[in-house]
Every structure is written in structure tokens, then in C-alpha cells.
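For reference, the structure discussed in these notes is given below.
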Amino acid sequence: MKIIIGLGNFGDKYAYTYHNLGFLTVEAIAQRLGFSFKKRECDASVAKGYISGETVIIARPVTFMNLSGRAAYQLVKKYKAEPKDVLVIYDDADLSKGGLRMREKGGPGTHNGMRSIVEVLGEGFARLRIGIGKPEGDIAEYVLSEIPKEERTLFAEAIEQAVDLVVGFIKNAQ
């Protein structure tokens, strides 16, 4: 059992913003694995499938970012998973643009979605951070701004690398 959760904001307004890199990545993972986001459950849009007989849940919480833990908790409870079965993907201003960092556990840093998840699951779940770089101005305004066209190739490559890491994470767990 693996539960992969991408953090982001729903709606066309946020579709290609820095704060939606988690959503963009889980959409790419689902596409690579041939899964579709067909249903809503546990406060999330969910794609479900099987790899080598193991259940894989890919989720995009439909709550506000700072309530992402609600979806994570409900998914873990419904599927009788452990925090160690969870991987959360999100944007991180402490990493350079396009940088990736995967860890087995850790704190939430400054990300409100991660704070919410750590509150309900503790720190014992994996996370994949996608760097967005430090803004010069207001962080809230920056993360909700559209990724400029000149940076899209960089982030498309980062998402592809992230997909490779997550598919490896899923397959190595069996």
C-alpha cells in the first residue's frame, strides 16, 4: 500500500502556479502509471490502481492548503495504512528552482500544507520537495503566481525527475 499526496490548490486560477507543483507532479505520476482521477473521497480527488498487486492511491486534497492534513488522515484511516506508506509532494522555497529533495521523514518547514499533515500523521512519512527558490517579495504572493514561461521547461524537467523518483519509491516498497 502506498498513498501519494500532491499538495496544491484547485481551480484554473492556480493551475500552473508554484504552489501547485505537488498537483502537477501527481497528475504526471497518474498519467505515467495509467491511473485516472475518477472519484472524490476523503476530502481528495483520488486516482487508484495496482502495481504488482499492491494498492496505490494518488491524491490531490480538495481542502484549503492549510487543511491538507484532513485529507491525509482520512486516506490513511480508510485504507488502513501507516504514515510510512505515505509520500507527500510539495513546493519548497528553501530549495533552488527545480531542485528536488526526497526524505523519509522530517518536520514541516514553513509550508502550511505540510504543517497540517504533520499535525495529524506526525513526522514519519516520506516527502518530496520541489524547489521554487526564494522570492524577493511576499512569499504568499509568489507561491500563488503563475510560473513564468521561461521557467516552464525547468519545472517540466523537475516534474519528470520527480515522477521517476516516486515510481521507484512505489516499486521498491514491494
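The values are calculated or read from the model by the stated rules, or taken from the named source; none is laboratory data. These numbers come from a predicted model, not from an experiment. Neighbour counts are summed over all protein chains in view; Cβ atoms, including those assigned to glycine, are modelled from backbone coordinates with ideal geometry. Each accessible area value is taken on the protein alone, full model and side chains, heavy atoms only, with ligands, DNA and RNA left out. Shrake-Rupley method; radii C 1.70, N 1.55, O 1.52, S 1.80 Å.
Quick rundown of the values:
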| quantity | calculated |
| --- | --- |
| Yes/no for GLY124 being farther than 17 Å from PHE23 by Cα, touching a Pro at 6+ places or on another chain (Cβ under 8 Å) and not hydrophobic (A, V, I, L, M, F, W, C) | yes |
| Test for LEU121: is it closer than 23 Å to THR55 by Cβ and in contact with a Cys (Cβ under 9 Å, 6 or more places away or on another chain) | no |
| Residue match in segment 10-20 (condition: in contact with a strand residue (DSSP E or B) (Cβ under 8 Å, 6 or more places away or on another chain), of a type in the set (Val, Ile, Thr) and over 24 Å from LYS84 (Cβ atoms)) | yes |
| Of all residues in segment 165-174 being over 18 Å from ASP92 (Cβ atoms) and open to solvent by less than 90 Å² (accessible area, probe 1.4 Å), the one that is farthest from the chain's Cα centre (by Cα) | ALA173 |
| Test: residue in segment 96-112 that is closer than 19 Å to PHE10 by Cα and either part of a helix (DSSP H, G or I) or modelled with pLDDT of 95 or more (or both) | yes |
| Checklist (1) modelled with pLDDT of 95 or more; (2) over 19 Å from MET1 (Cβ atoms); (3) in a helix (DSSP H, G or I) applied to ASP91, failing item | (3) |
| Residues that are open to solvent by less than 30 Å² (accessible area, probe 1.4 Å) and of a type in the set (Phe, Trp, Tyr), drawn from segment 90-146 | TYR90, PHE125 |
| Selection status of TYR73, among the hydroxyl-bearing types (Ser, Thr, Tyr) and modelled with pLDDT of 95 or more | yes |
| Options PHE23, PHE10; residue that is surrounded by fewer than 20 Cβ atoms within 10 Å (Cβ to Cβ) and either within 19 Å of LEU75 (Cα to Cα) or not hydroxyl-bearing (Ser, Thr, Tyr) (or both) | PHE10 |
| Sole exception among (1) open to solvent by less than 10 Å² (accessible area, probe 1.4 Å); (2) farther than 17 Å from ASN172 by Cα for ASN66, by number | (1) |
| Scan of segment 113-168 for residues that are part of a loop (DSSP other than H, G, I, E, B), touching a Lys or Arg at 6+ places or on another chain (Cβ under 7 Å) and not small (Gly, Ala, Ser), ordered by number | GLU123, PHE125, ILE132 |
| Qualifying residues in segment 26-48 (those that are aliphatic (A, V, I, L, M) and more than 13 Å from the chain's Cα centre (by Cα)) - the one surrounded by the fewest Cβ atoms within 10 Å (Cβ to Cβ) | LEU33 |
